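The values are calculated or read from the model by the stated rules, or taken from the named source; none is laboratory data. All values derive from a computational prediction rather than experimental measurement. Reconstructed Cβ throughout: ideal geometry from the backbone, glycine too, with neighbour counts over all protein chains shown.
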Ligand code: NAX
């Protein structure tokens with residue numbers, strides 16, 4: 001019988017590794033849930049210096065998890081060390097939004113972080129590194145990162161809108177009294193912000209149209225759409241902290257679909273290429289189809305009604321404005 005050889009380890013970098021999302025994400029990665037049960041990993045964990053003591057506790061827990069797939073764990077505060085030879089980079093660490101801060105202030109605080117991380121990725125990461133930006137404002141942070149990483153293909157940099165996608169799937173399944181696995185055709189357009197457009201106008205659940213059950217366009221506008229747009233805020237209000245378990249699960253879903261392929265249409269914020277009239281230069285969430293081996297394509301040919309177009313234009317306008325603000329800060 002031929003000897004079974006396991007694949008070479010994947011170098012997976014997580015930034016903000018001592019934070020709450022990372023704490024929920026690490027068990028999913030280490031157990032093989034995301035990259036497969038035979039895929040060994042080298043973990044590269046990045047934190048800012050004040051959080052390194054907390055990170056060393058997280059590392060002890062990873063070791064104590066005795067995960068057979070984890071071949072090594074590195075902890076550092078230097079992006080040039082953390083991103084070295086990275087195959088996958090999960091950028092969770094970001095400057096948090098404080099009370100009274102506007103989106104513009106958040107952008108200004110995060111720009112230097114994503115500029116420095118883009119430059120480091122460009123220098124030391126694997127040339128085909130797959131990047132998912134989670135830290136907010138995620139779409140525009142991805143745009144900044146890509147700008148400062150000119151040797152990494154822009155399509156290899158993405159931002160997370162899978163949590164919004166999953167929230168929409170779950171609410172449709174609940175209203176249609178069915179399982180999430182029977183729901184098709186849900187997607188998120190635009191920015192991971194309160195302007196995002198969770199689109200269920202063409203969705204089906206167990207083959208049945210969803211729109212009539214959701215109260216038609218009026219019902220969507222009054223109920224479903226604001227529910228999804230404000231779900232993150234509702235979790236913060238109830239829990240006193242932002243979504244972490246569901247965010248980690250969504251990161252796992254995003255990477256699994258991207259790396260291993262997915263028969264369903266999913267949502268990812270990716271570089272706009274002119275599809276659906278969205279101008280190049282922003283990272284925009286589209287419905288995408290992922291093909292095994294790390295490629296994806298924006299689903300084409302969707303006939304958008306006037307109702308959807310209005311929401312898509314509004315979230316695009318927000319991203320164009322964020323891009324202008326970021327470009328002004330580059331000066
Ligand atoms: P935490 O505050 O628990 O953790 C963030 C960690 O990042 C901290 O340990 C901090 O020390 C570290 N950090 C800060 N700057 C860093 C830098 N320059 N390099 C490396 N590490 C750095 O936040 P958590 O709840 O984990 O959320 C992290 C980010 O995810 C936030 O920006 C949050 O807004 C964003 N989210 C994005 C979501 C999405 O769907 N795109 C959903 C969940 C979440 O709200």
Query - Candidates 285, 246, 267, 263 - the one that is outside any helix (DSSP H, G or I), surrounded by fewer than 20 Cβ atoms within 10 Å (Cβ to Cβ) and either in contact (Cβ under 8 Å) with a residue 12 or more places away in the chain or more than 17 Å from the chain's Cα centre (by Cα) (or both) - result: 263
Report task. Kindly indicate whether any position in region 46-64 is more than 14 Å from the ligand (Cβ to nearest atom), buried (at least 18 other Cβ atoms within 10 Å of the Cβ) and not assigned by TED's automatic domain parsing to the domain that holds residue 241. Result -> yes
Query raised in the report: Looking only at region 4-25, which residues are away from the ligand (no atom under 16 Å from the Cβ) and at pLDDT 95 or above?
Result: 8, 9, 10, 11
Query raised in the report: Does residue 217 satisfy the criteria of being outside any helix (DSSP H, G or I) and either outside the structural domain of residue 168 (by TED's automatic domain parsing) or at pLDDT 95 or above (or both)?
Result: no
Query raised in the report: Within region 41-54, is even one residue farther than 23 Å from residue 253 by Cβ and free of Cβ contacts under 8 Å to residues at least 24 places away in the same chain?
Result: yes
Query - From the options 247, 269, residue that is over 17 Å from residue 155 (Cβ atoms), outside the structural domain of residue 131 (by TED's automatic domain parsing) and modelled with pLDDT of 95 or more - result: 247
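In the list 274, 240, which residue meets the criterion of being without any contact (Cβ under 8 Å) to a residue 40 or more places away in the chain, within 14 Å of the ligand (Cβ to nearest atom) and over 18 Å from the mean Cα position of the chain (by Cα)?
Details: 274 fails: within 14 Å of the ligand (Cβ to nearest atom).
Only one candidate qualifies: 240.
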Requested in this report: Output yes when any residue across region 81-89 is under 20 Å from the mean Cα position of the chain (by Cα), within 11 Å of the ligand (Cβ to nearest atom) and either surrounded by fewer than 23 Cβ atoms within 10 Å (Cβ to Cβ) or part of a helix (DSSP H, G or I) (or both), and no when none is.
Outcome: yes
Query raised in the report: If you check residue 257 against the conditions, is it surrounded by 20 or more Cβ atoms within 10 Å (Cβ to Cβ) and in a loop (DSSP other than H, G, I, E, B)?
Result: no
Query raised in the report: If we keep just the residues of region 26-45 that are within 17 Å of residue 130 (Cα to Cα) and buried (at least 21 other Cβ atoms within 10 Å of the Cβ), which is nearest to the ligand (Cβ to nearest atom)?
Result: 45
Query raised in the report: Regarding residue 74, is this residue touching a strand residue (DSSP E or B) at 6+ places or on another chain (Cβ under 7 Å) and either in a helix (DSSP H, G or I) or assigned by TED's automatic domain parsing to the domain that holds residue 148 (or both)?
Result: yes
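Out of all the residues in region 28-64, which are in a strand (DSSP E or B) and out of contact with any helix residue (DSSP H, G or I) (no Cβ under 8 Å at 6 or more places or on another chain)?
Of everything in region 28-64, just one residue is in a strand (DSSP E or B) and out of contact with any helix residue (DSSP H, G or I) (no Cβ under 8 Å at 6 or more places or on another chain), namely 42.
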Report task. Within region 124-158, count every residue that is surrounded by fewer than 22 Cβ atoms within 10 Å (Cβ to Cβ) and within 16 Å of the ligand (Cβ to nearest atom). Result -> 2
Query raised in the report: Hey, does region 193-210 have a residue that's within 21 Å of residue 322 (Cβ to Cβ), outside any helix (DSSP H, G or I), in contact (Cβ under 8 Å) with a residue 40 or more places away in the chain and out of contact with any strand residue (DSSP E or B) (no Cβ under 6 Å at 6 or more places or on another chain)?
Result: yes
Query raised in the report: Name the residues in region 290-331 that are outside the structural domain of residue 272 (by TED's automatic domain parsing) and outside any helix (DSSP H, G or I), would you?
Result: 331
Query raised in the report: Within the set of pairs 6 or more residues apart or between chains, which connect a residue that is in contact (Cβ under 8 Å) with a residue 60 or more places away in the chain and farther than 17 Å from residue 256 by Cα inside region 12-24 to a residue that is in a strand (DSSP E or B) and more than 6 Å from the ligand (Cβ to nearest atom) with Cβ atoms less than 8 Å apart?
Result: 15/89; 15/90; 15/91; 16/91; 17/45; 17/75
Report summary line: Filtering region 97-106 for residues that are within 18 Å of residue 191 (Cα to Cα) and either more than 12 Å from the ligand (Cβ to nearest atom) or not in a helix (DSSP H, G or I) (or both) leaves a count of 4
